[in-house]
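Novice: Have a look at this one.
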Amino acid sequence: MASISIRDVSKSYGTLPVLQGLDLDIRDGEFVSFLGPSGCGKSTLLFCIAGLEEISEGAIHLDGQDMGRIPPRDRNIALVFQDYALYPHMRVRENIAFPLQQQRLPAQTVQKQVAWAAELLGLEALLDRSPAELSGGQRQRVAVGRAIVRNPAALLMDEPLSNLDASLRVRMRTEIKRLQRELNMTVVFVTHDQEEAMVLSDRIAVMDAGVLQQFAEPMTVYREPANQFVASFIGSPQMNFLPGPVAGGGMAATSLLGVRPHDLSPTRRPGPDDLAVEGTLTLIEPAGPVTFLDVTLADGSLVKATCPDPRAHQPGELLTLAVARGSVSVFNADSGVRTGALAPPSGARVRDGVAEAVAHRT
Ligand SMILES: Nc1ncnc2c1ncn2[C@@H]1O[C@H](COP(=O)(O)OP(=O)(O)O)[C@@H](O)[C@H]1O
Ligand SMILES: [Mg+2]
């Protein structure tokens with residue numbers, strides 16, 4: 001297994017910059033996701049690591065070795081594509097064996113490696129089937145088998161689960177994580193699905209328009225998003241943004257308060273460390289373990305909150321919503337950069353959707 005170091009990497013297609021000055025250090029045995037909206041450059045970066053695309057600037061090192069100097073054949077990096085393209089005329093056995101056959105390894109070694117991969121992935125009973133005789137999930141497992149069979153230094157996966165239906169996707173992601181832990185593999189996983197990235201990754205690299213926004217552990221990205229883009233992209237439903245306290249009593253709001261719907265709930269009496277906001281309940285969405293509430297504030301803006309049981313509420317009801325101040329992120333309204341959490345002592349109360357600073361009481 002291997003570490004991957006991405007140093008000041010940029011790439012353009014003609015005059016179109018696709019990757020801009022990316023710096024990332026992926027540790028040996030780490031599971032890292034590249035997460036971002038479609039077109040932000042995730043696949044391009046992955047293909048650059050695999051050596052399928054050339055970088056315009058910077059360097060990529062695999063275990064300290066400059067990738068530019070390693071011929072693609074000797075890179076020992078496996079790639080699983082979104083459409084895993086098995087060879088239709090080959091049985092599962094030959095599909096998995098293919099990379100080893102290419103290396104002209106002895107038949108006995110091939111057989112042993114295929115048996116090992118098949119056992120790891122629960123494919124023993126399917127080895128003599130053709131791809132047409134497999135379900136989507138089984139095909140996906142064969143593609144993973146073909147990727148890991150030669151014991152690669154790193155496994156790169158480009159949205160490998162996006163062609164599967166929802167329940168299978170959840171099962172397969174658990175299998176991929178188990179496999180990664182079992183083999184202590186370095187995995188780079190591309191996805192646009194924030195939940196997938198959250199549950200799988202040791203660290204997530206959040207990208208937007210070819211620029212790295214944050215590279216951190218899932219809960220850090222969730223709780224301390226570097227900026228408004230990351231805050232909006234991670235978490236579902238999206239974080240609420242409210243106008244923040246006006247610093248120094250000026251006219252323009254200089255900060256935004258970010259509140260996750262899961263942290264904001266109806267209350268009778270907000271606690272001393274809470275931020276409270278009042279509004280009218282306009283929509284109730286029961287989702288099972290939690291119910292989402294749309295609440296319209298006096299200024300007409302809408303916030304999403306949560307409660308445990310929809311039966312406790314009626315549309316039209318006047319609600320006071322509260323959130324612990326420590327869970328509220330403060331963003332610079334101009335740059336979008338997160339400056340911290342709402343500090344407990346300063347306090348603030350939101351009325352009509354606008355927070356007012358409240359004098360610090362000692
Ligand atoms: N071969 C190419 N020629 C020109 N532009 C490309 C090429 N491949 C990708 N792009 C552009 O680069 C950007 C990033 O693409 P991609 O890495 O596929 O994004 P993602 O995987 O995040 O959806 C997109 O704007 C895409 O249109
Ligand atoms: Mg892509």
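The values are calculated or read from the model by the stated rules, or taken from the named source; none is laboratory data. Source: prediction; values computed, not measured. Counting neighbours? That spans all protein chains shown, and the Cβs are built from the backbone with ideal geometry, glycine included.
Novice: Which condition breaks for residue 39 when tested against (1) within 22 Å of residue 128 (Cβ to Cβ); (2) within 16 Å of ligand 2 (Cβ to nearest atom)?
Specialist: (1)
Novice: Next question, about the same structure. Within region 73-93, is there a residue that is more than 31 Å from the chain's Cα centre (by Cα) and basic (Lys, Arg)?
Specialist: Yes; the residues of region 73-93 include at least one that is more than 31 Å from the chain's Cα centre (by Cα) and basic (Lys, Arg).
Novice: Please work out which one of (1) among the aliphatic types (A, V, I, L, M); (2) touching a helix residue (DSSP H, G or I) at 6+ places or on another chain (Cβ under 9 Å); (3) closer than 27 Å to residue 192 by Cα is the condition residue 153 fails and give its number.
Specialist: Among (1) among the aliphatic types (A, V, I, L, M); (2) touching a helix residue (DSSP H, G or I) at 6+ places or on another chain (Cβ under 9 Å); (3) closer than 27 Å to residue 192 by Cα, residue 153 violates only (2).
Residue-wise test of (1) more than 16 Å from ligand 2 (Cβ to nearest atom); (2) in contact with an Asp or Glu (Cβ under 7 Å, 6 or more places away or on another chain).
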| position | (1), (2) |
| --- | --- |
| 6 | yes, yes |
| 24 | yes, no |
| 27 | yes, no |
| 35 | no, no |
| 51 | yes, no |
| 68 | yes, no |
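Novice: Which condition does residue 188 not pass, out of (1) out of contact with any Leu (no Cβ under 7 Å at 6 or more places or on another chain); (2) buried (at least 19 other Cβ atoms within 10 Å of the Cβ), if it passes all the others?
Specialist: The one condition residue 188 does not meet is (1).
Novice: Whether any residue in region 187-208 is more than 15 Å from the chain's Cα centre (by Cα) and more than 16 Å from ligand 2 (Cβ to nearest atom) is what I want to check.
Specialist: No, region 187-208 contains no residue that is more than 15 Å from the chain's Cα centre (by Cα) and more than 16 Å from ligand 2 (Cβ to nearest atom).
Novice: Further, regarding this structure: Which condition from (1) more than 16 Å from ligand 1 (Cβ to nearest atom); (2) free of Cβ contacts under 8 Å to residues at least 60 places away in the same chain; (3) under 21 Å from residue 189 (Cα atoms) is the one that residue 95 breaks?
Specialist: Against the list (1) more than 16 Å from ligand 1 (Cβ to nearest atom); (2) free of Cβ contacts under 8 Å to residues at least 60 places away in the same chain; (3) under 21 Å from residue 189 (Cα atoms), residue 95 comes up short only on (3).
Novice: Now for a different question. Would you please name the residue that is modelled with the lowest pLDDT, looking only at residues in region 325-362 that are outside any loop (DSSP other than H, G, I, E, B) and of a type in the set (Val, Ile, Thr)? Talk me through it step by step, then tell me what you get.
Specialist: Filtering region 325-362 down to residues outside any loop (DSSP other than H, G, I, E, B) leaves 325-327, 329-332, 337-341, 348-351, 354-357.
Retained after the next criterion (residues that are of a type in the set (Val, Ile, Thr)): 330, 337, 339, 350, 354.
Working: 330: 95, 337: 97, 339: 94, 350: 51, 354: 48.
Of everything passing the filter in region 325-362, 354 is modelled with the lowest pLDDT.
Novice: Which is of a type in the set (Gly, Ala, Ser), surrounded by fewer than 19 Cβ atoms within 10 Å (Cβ to Cβ) and under 30 Å from residue 141 (Cα atoms), of 201, 232, 236? Give the derivation first.
Specialist: Working: 201 fails: surrounded by fewer than 19 Cβ atoms within 10 Å (Cβ to Cβ); 232 fails: under 30 Å from residue 141 (Cα atoms).
Matching residue, one of 201, 232, 236: 236.
Novice: Turning to a different aspect of this structure: Across region 1-57, what is the total count of residues that are small (Gly, Ala, Ser) and within 8 Å of ligand 1 (Cβ to nearest atom)?
Specialist: Kept after step one, since they are small (Gly, Ala, Ser), are these residues of region 1-57: 2-3, 5, 10, 12, 14, 21, 29, 33, 36, 38-39, 41, 43, 50-51, 56.
Those still in the list that are within 8 Å of ligand 1 (Cβ to nearest atom) too: 14, 36, 38-39, 41, 43.
The number of residues fulfilling the criteria is 6.
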